[in-house]
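Here is the structure we will look at, set down as structure tokens.
Each value in this text was obtained by applying a stated rule to the coordinates, not by laboratory testing. Just so you know, these numbers come straight off a predicted model, no measurement behind them. No Cβ is skipped: glycine too gets one built from the backbone with ideal geometry, and neighbour counts run over all protein chains shown.
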Amino acid sequence: MREPYAHDPYAQDGPRPGADVAALRSAYRLLRRISTLAALGSFVLYIALSCCAPGLMGARIAGELSLGMVLGVLQLLVTFAAVFWYGRSARRSVDPLALAVRERARATGRSAGAAR
């Protein structure tokens, strides 16, 4: 049986240099997908109901207020909520990661400039 190497060149001692960039991409991708699917999904549902169930969309709820009008206003609210959630979540999860990447890039740039 072979002895393990004293130094494994493939071992990860600490975080990889690109790990913070990968985490930033992942957080941004997740944020983008959720907010896009929320806004676009509610819009597609509204359009599908308008096309496939015009009787349902024209159903009166109160007086001259139809279900289609209520869902149209709800579509605006869902869009504004998705934008609000996107901004709030970006400030909490993506911005700190972006700041860390920026600071690491500045530090790396300074140390590379000092080595010259």
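In a reduced charge model with +1 at each Lys and Arg Cβ and -1 at each Asp and Glu Cβ, region 22-108 shows a dipole moment near 600 debye about its Cα centre. Applying 1/(1 + (r/R0)^6) with R0 = 41 Å to the Cβ-Cβ distance of Ile47 and Ala22 gives a FRET efficiency near 0.70. Note on Thr36/Arg104: beta-carbon distance plugged into 1/(1 + (r/R0)^6) with R0 of 25 Å gives a FRET efficiency of 0.30.
Based on C-alpha pairs under 8 angstrom that are at least 6 apart in sequence, region 22-108 has a relative contact order of 39 percent.
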